[in-house]
Amino acid sequence: MKEAKISILNEFNEKLVGIETIPLVQKEKYPTIILVHGFGVTKEESGMFDNLAKNLSETGFLVYRFDFSGCGESEGDYSETSLSKLKSDLFKILYFVQSQPKVDNSKIGILAQSFGTATTSTLEPKVKCLIMMGSSPYLKKNLIQLFGEGYNPEGISTRTKSNGTITKIKPQFWKDFENHNLLNSIKKINCPILFIHGSEDDKVPLSDMEIYFQNANEPKEKIIINGADHGLKPYREKMYKIVVNWFKKELI
């Protein structure tokens, strides 16, 4: 595989930095996957997206992964983020991918992780297929629990992650949820969807995913990985195989 650093501008003129992973097999046009990261993390998703990009490109997929504004190498202040802003970022990313001459526009899939599933649902993208990992239609509730005592809807909400970094969020983030209904959005998506969830997910209850799944249109599938946490550890290798095989079925 070959990798290249790329960048685009979002609607606020902030630079979004991404990585394009190109298969070694040369083709005029490739089936293409966009990886959508979660809340307060980066395009690497703690190595998960790096490995997914490698596995997918070795199977013949062109892969794109971007830092949302305020994350990783991208410009912007993450404390100013909201689901609406993330949706607009993803709109620009999808538009960029669709404009690339080596992308087969009839064969674009999206894989979203955690809060990335909310960003993707809200966009209601017209793509060939979707994978939703660690998903919930009630992510505001999940995040309030995650922030715990750091939740402050009228001021600055703070959360210290296990690596010591601190995520800060301003009030607009919580208020913006009123502009979205994730269950309504999933009902408007008309493409095959695969839901993947870890049975030991301590951030998003399995029951949340089940409600999401029930509201999704056919064709749909769900795979519960026994013993896996929210990041699908310690069974990521199993997840990579599931993802590659499902995208092969839907896009190749």
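Quick note: the coordinates plus some simple rules give every number you see, no bench work behind them. Just so it is clear, the structure is predicted and the values come from calculations on it, not from any experiment. Virtual Cβ from ideal backbone geometry, glycine too; neighbours counted across all protein chains shown.
Quick notes
- Across Asn152, Asn163, Asn184, mean-square fluctuation computed from a Gaussian network of the chain (C-alpha pairs under 10 Å connected) peaks at Asn163.
- Between the residues Leu56, Tyr151, Ala4, the greatest Cα displacement towards the positive end of the dipole of the chain, with unit charges on the Cβ of Lys, Arg, Asp and Glu, is found for Leu56.
- Separation of the Lys187 and Lys15 label points, Cα + 7 Å toward Cβ, nm: 4.3
- Here the extension length gained between Glu200 and Ser99 equals 32.4 nm, from 0.36 nm per residue of separation less the Cα-Cα distance.
- Formal net charge of residues neighbouring Lys175 (Cβ-Cβ distance under 14 Å; K, R +1; D, E -1): -1
- Dipole in debye (nearest 20) - the chain, about Cα centre, beta carbon charges: Lys, Arg +1; Asp, Glu -1: 580
- Nearest-20 debye value, the stretch 133-252 charge dipole, Cβ charges on Lys, Arg, Asp, Glu: 340
- Local net charge near Leu123, Cβ-Cβ under 13 Å (Lys/Arg +1, Asp/Glu -1): +3
- Spin-label zone in the stretch 111-128 - amide nitrogen under 19 Å from a point set 7 Å from the Cα of Ile223 along the C-beta vector: 111-114, 117, 128
- Estimated from the Cβ-Cβ distance and a Förster radius of 35 angstrom, the FRET efficiency linking Asn245 and Glu149 is about 0.25.
- Environment charge of Leu9, counting only residues whose C-beta is closer than 11 Å and scoring Lys/Arg +1, Asp/Glu -1: -2
- Between 0 and 90°, nearest 10: helix 206-215 axis offset from the chain longest Cα axis: 60
- In this structure, Glu58 and Ser79 have a Cβ-Cβ separation that, at R0 = 25 Å, corresponds to a calculated FRET efficiency of about 0.10.
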